[in-house]
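Here the structure comes first, spelled out in structure tokens, and everything after it is commentary.
The values are calculated or read from the model by the stated rules, or taken from the named source; none is laboratory data. As the structure is a prediction and not an experimental result, all values here were calculated from the model. Positions of Cβ are generated from backbone atoms using ideal geometry, with glycine treated the same way; all protein chains shown enter the neighbour counts.
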Amino acid sequence: MDLNNTVAVVTGANRGLGRHLAAGLVERGAKVYAAARNPETVDLPGVIPLKLDVTDAESITAAARIASDATLLVNNAGISTSAALISGDIDDVRREMDVNFYGPLAVTRAFAPVIENNGGGTVLNVLSVLSWFHPAALGSYASSKAAAWAMSDAVREELAPRGISVSALHVAYMDTDMAAGVPAEQKIDPADVAAQALDGIESGLAEILADDTTRYVKQSLSSSNSE
């Protein structure tokens, strides 16, 4: 996909990786709707702030009506509550699933006909190394990202006949607010991750693995655990 003159919608674009993705798209010549629950928090030059709450159906419908020229959807908005599945607050578990799985699914359902009507395009889902690695302490987040990985694969097959490709970005710890408690030496620059993601979209990659940890974990999925 040629990102020059692409029309992109980036959810969660007011900070972190989403802000870097939106900035990178502008640099590559795209028109960018920078979506956030509170669009007044979007302070990135060259973008169009767009109100979009991925857990609110009316908000999603309104955003799809406004960004009716979109050809690229970036499902970046997400949360982490650090909830364990058994001992954690069940409301936190539900909230993570609402934002990290049902949210991008609902936004994709709303924007798929928009992208198709504009001649086709791409959906990028921002996932995680925890799509494949499931520590108990982050059981809720990992479960939501594993579900989003399955969703990405299924939606890729469903949307292909409509001229829409689906890419999934997997990454470990980035230097963003979500990973504030992680030691600095374990984190990677979100600007670098954004650049890799946009390169992957341009190359038509189904999966984009942004760091060595993620590549190792993905490779390990095919390793035999049998004696």
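Exactly one condition in (1) surrounded by fewer than 16 Cβ atoms within 10 Å (Cβ to Cβ); (2) assigned to a strand (DSSP E or B) is false for P161; which is it?
Among (1) surrounded by fewer than 16 Cβ atoms within 10 Å (Cβ to Cβ); (2) assigned to a strand (DSSP E or B), P161 violates only (2).
Could you run through the stretch 25-46 and say how many residues are surrounded by fewer than 22 Cβ atoms within 10 Å (Cβ to Cβ) and assigned to a helix (DSSP H, G or I)?
Counting residues in the stretch 25-46 that are surrounded by fewer than 22 Cβ atoms within 10 Å (Cβ to Cβ) and assigned to a helix (DSSP H, G or I) gives 5.
If I ask for residues that are surrounded by fewer than 24 Cβ atoms within 10 Å (Cβ to Cβ) and of a type in the set (A, V, I, L, M), which ones from the stretch 1-24 would you list? Show your work before the answer.
To start, the set of residues in the stretch 1-24 that are surrounded by fewer than 24 Cβ atoms within 10 Å (Cβ to Cβ) comprises 1-7, 14-16, 23-24.
Correct list: M1, L3, V7, A23.
Here are some conditions: (1) within 19 Å of the chain's Cα centre (by Cα); (2) surrounded by 17 or more Cβ atoms within 10 Å (Cβ to Cβ); (3) modelled with pLDDT of 95 or more. D98 meets all but one. Which one does it not meet?
With respect to (1) within 19 Å of the chain's Cα centre (by Cα); (2) surrounded by 17 or more Cβ atoms within 10 Å (Cβ to Cβ); (3) modelled with pLDDT of 95 or more, D98 is out only on (2).
Could you please find all residues in the stretch 198-227 being in a loop (DSSP other than H, G, I, E, B), at pLDDT below 95 and surrounded by 12 or more Cβ atoms within 10 Å (Cβ to Cβ)?
So in the stretch 198-227, the residues in a loop (DSSP other than H, G, I, E, B) come out as 204-206, 210-211, 221-227.
Within this subset, residues satisfying the condition of being at pLDDT below 95 are 210-211, 221-227.
The answer is A210, D211.
Tally time: how many residues in the stretch 119-131 are touching a residue at least 24 places away in the same chain (Cβ under 8 Å) and more than 12 Å from V9 (Cβ to Cβ)? Show your work before the answer.
In the first step, residues of the stretch 119-131 are kept if they are touching a residue at least 24 places away in the same chain (Cβ under 8 Å); the result is 119-129, 131.
Imposing the further condition that a residue be more than 12 Å from V9 (Cβ to Cβ) reduces the set to 119-120, 125-129, 131.
Final tally of qualifying residues: 8.
Within the bounds of the stretch 8-25, is there any residue that is of a type in the set (S, T, N, Q), at pLDDT 95 or above and more than 15 Å from the chain's Cα centre (by Cα)? Reasoning before the result, please.
Here is the first cut: in the stretch 8-25, the ones of a type in the set (S, T, N, Q) are 11, 14.
Now narrow it down to the ones that are at pLDDT 95 or above: 11, 14.
When the remaining residues are screened for being more than 15 Å from the chain's Cα centre (by Cα), the result is none.
No: the stretch 8-25 contains no residue that is of a type in the set (S, T, N, Q), at pLDDT 95 or above and more than 15 Å from the chain's Cα centre (by Cα).
Of (1) modelled with pLDDT of 95 or more; (2) in a loop (DSSP other than H, G, I, E, B); (3) of a type outside the set (A, V, I, L, M, F, W, C); (4) touching a Lys or Arg at 6+ places or on another chain (Cβ under 7 Å), T81 satisfies all except one. Which?
Against the list (1) modelled with pLDDT of 95 or more; (2) in a loop (DSSP other than H, G, I, E, B); (3) of a type outside the set (A, V, I, L, M, F, W, C); (4) touching a Lys or Arg at 6+ places or on another chain (Cβ under 7 Å), T81 comes up short only on (1).
If a residue has to be under 15 Å from N125 (Cα atoms) and either aliphatic (A, V, I, L, M) or surrounded by fewer than 22 Cβ atoms within 10 Å (Cβ to Cβ) (or both) to count, how many in the stretch 47-95 make the cut?
Taking the stretch 47-95 as the starting set, the residues that turn out to be under 15 Å from N125 (Cα atoms) are 54, 71-79.
Narrowing further to those that are either aliphatic (A, V, I, L, M) or surrounded by fewer than 22 Cβ atoms within 10 Å (Cβ to Cβ) (or both): 54, 72-74, 77, 79.
Of the residues in that region, 6 qualify.
Out of (1) out of contact with any Leu (no Cβ under 9 Å at 6 or more places or on another chain); (2) over 24 Å from A148 (Cα atoms); (3) of a type in the set (S, T, Y), the odd one out for T6 is which?
(1)
One residue is enough: does the stretch 53-69 have a residue meeting the conditions modelled with pLDDT of 95 or more, assigned to a strand (DSSP E or B) and under 28 Å from R156 (Cβ atoms)?
As a first pass, look at the stretch 53-69 and keep what is modelled with pLDDT of 95 or more: 53-69.
Within this subset, residues satisfying the condition of being assigned to a strand (DSSP E or B) are none.
Taking every residue of the stretch 53-69 in turn, none turns out to be modelled with pLDDT of 95 or more, assigned to a strand (DSSP E or B) and under 28 Å from R156 (Cβ atoms).
Only one of (1) part of a helix (DSSP H, G or I); (2) farther than 20 Å from T11 by Cβ is not met by M151, so which one is it?
(2)
Report whether or not L73 is within 22 Å of A62 (Cβ to Cβ), at pLDDT 95 or above and either among the polar types (S, T, N, Q) or assigned to a strand (DSSP E or B) (or both). So that I can check it myself, show each step before the final result.
On the way: within 22 Å of A62 (Cβ to Cβ): yes; at pLDDT 95 or above: yes; either among the polar types (S, T, N, Q) or assigned to a strand (DSSP E or B) (or both): yes.
When the stated conditions are applied, L73 passes them.
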